[in-house]
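Asks: Pasting in a structure now, in structure tokens, and then I'll have a few things to ask.
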Amino acid sequence: MQTPPTGIRIGDEVRDALEDGDPVLALESTILTHGLPSPRNLEVGLASEQQVRDRGVTPATIGVVDGVPVVGLSPDEIQRLCTADGVVKASVRDLPIARAKGLDAGTTVAATAWLAHRAGIRVMSTGGLGGVHRGASETFDESADLGTLAVTPITLVSAGVKSILDIGATLERLETLNIPVVGYRTGRFPAFTVTDSGFALDYRVETPTEAAALSSARDELGLPQAVLVANPVDASKQLDPAFHDRVLAEALAAASAEGVVGHDTTPFLLEYVQRATGGASLEVNLEVYRGNVALGAEIARAVAG
């Protein structure tokens, strides 16, 4: 295990696993602090950790407690982040602010990946990746996830990117940033709650072992980028694509009419879609997350060898 910088605390269970060379899977915490309602968030957080353990892998849910980034939150710390008032969302740029102010925070994909890598964890699972927002040619609104993944050599499992984003532009940025993207048993790029975004992928892998081999090849070449494994939700469990497209168009029109811009856009759109689908989008979201956690655990086992 590499020595983490001062200011990051690694949980005992995670530290022991890393020292022994056992598989570890990093999990983000903003899905718990900002993506799910209470008490569902706590149920999902604890169930996801158990799901990882059931596959012989140590879970490392990452978050910030009293300003200290923690790689491997305890059950009590997960409960605290799920239930406390004033928990903020922290990307990499927010970590020093959270530390200086002693804040509690859920960590985004970017912050989770960065902290996981600094701790020596090689694989991470999330739901959907951030990306380029619609209208970014004028607003320059692009998730910090992309820039961080360009300099953080971790293997990330996600169901593509959220469908509220400009998926084509996001794929172009991933290419520009030299981030390898492969489909897991698919040649199509998924869009979070739907299986096919309409965009093709050049490469695919069929097994966790193939994904691990890609990670090893990246390391052998000394490349700094993450490897993105795009894992689509099962077609039988996705949102109906036509229904999804109609609701998304309505959500975008509502955001424009109400003047919603900047960092308020994503939560507005996601909440609108959740209401308009009668909660169905939330259930698919959870199905996506469970699938990515399961695959991430299997890749972590393959990476550990």
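Asks: I'd like the full set of residues that are open to solvent by 10 Å² or more (accessible area, probe 1.4 Å) and at pLDDT 95 or above, limited to region 152-166.
Replies: Within region 152-166, just Pro153 meets the criteria.
Asks: With modelled with pLDDT under 95 and open to solvent by 10 Å² or more (accessible area, probe 1.4 Å) as the only criterion, which of Leu42, Leu36 stands out?
Replies: Going through Leu42, Leu36 in turn, the sole match is Leu36.
Asks: Condition first: closer than 18 Å to Glu287 by Cα and not in a loop (DSSP other than H, G, I, E, B). Now tell me which residues in region 214-242 satisfy that.
Replies: Passing the criteria: Val229, Ala230, Ala235, Ser236, Lys237, Pro241.
Asks: A further question on this structure: So which of Arg118, Arg185 is of a type outside the set (Ser, Thr, Tyr), closer than 30 Å to Val70 by Cα and surrounded by fewer than 22 Cβ atoms within 10 Å (Cβ to Cβ)?
Replies: Selected residue: Arg118, the only one of Arg118, Arg185 that is of a type outside the set (Ser, Thr, Tyr), closer than 30 Å to Val70 by Cα and surrounded by fewer than 22 Cβ atoms within 10 Å (Cβ to Cβ).
Matching residues to (1) within 23 Å of Phe189 (Cβ to Cβ); (2) without any contact (Cβ under 8 Å) to a residue 24 or more places away in the chain; (3) not hydrophobic (A, V, I, L, M, F, W, C):
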| residue | (1), (2), (3) |
| --- | --- |
| Leu214 | yes, no, no |
| Glu220 | no, yes, yes |
| Asp264 | no, yes, yes |
| Phe268 | no, yes, no |
| Asn285 | yes, no, yes |
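Asks: Can you tell me which residue within region 260-292, out of those that are crowded, with 20+ Cβ neighbours inside 10 Å and of a type in the set (Phe, Trp, Tyr), is modelled with the highest pLDDT?
Replies: Tyr289
Asks: OK, next. Out of (1) at positive phi; (2) touching a strand residue (DSSP E or B) at 6+ places or on another chain (Cβ under 7 Å); (3) small (Gly, Ala, Ser), the odd one out for Ser215 is which?
Replies: Only one criterion in (1) at positive phi; (2) touching a strand residue (DSSP E or B) at 6+ places or on another chain (Cβ under 7 Å); (3) small (Gly, Ala, Ser) is unmet by Ser215, namely (1).
Asks: Could you grab the pairs with beta carbons closer than 6 Å, sequence gap of 6+ or different chains, first residue in region 185-208 and in contact (Cβ under 8 Å) with a residue 60 or more places away in the chain, second one among the basic types (Lys, Arg) and surrounded by 13 or more Cβ atoms within 10 Å (Cβ to Cβ)?
Replies: As it stands, the answer is Phe192/Lys162, since those pairs meet every condition given.
Asks: Do any strands (runs of 3 or more DSSP E) entirely within region 1-102 hold 3 or more residues that are in contact (Cβ under 8 Å) with a residue 60 or more places away in the chain, and if so, which?
Replies: It comes to 24-27, 68-71.
The values are calculated or read from the model by the stated rules, or taken from the named source; none is laboratory data. As the structure is a prediction and not an experimental result, all values here were calculated from the model. So basically every Cβ, Gly included, is an ideal-geometry build from the backbone, and we count neighbours across all protein chains shown. Only protein heavy atoms, including side chains, enter the accessible area calculation; ligands, DNA and RNA are left aside. Shrake-Rupley method; radii C 1.70, N 1.55, O 1.52, S 1.80 Å.
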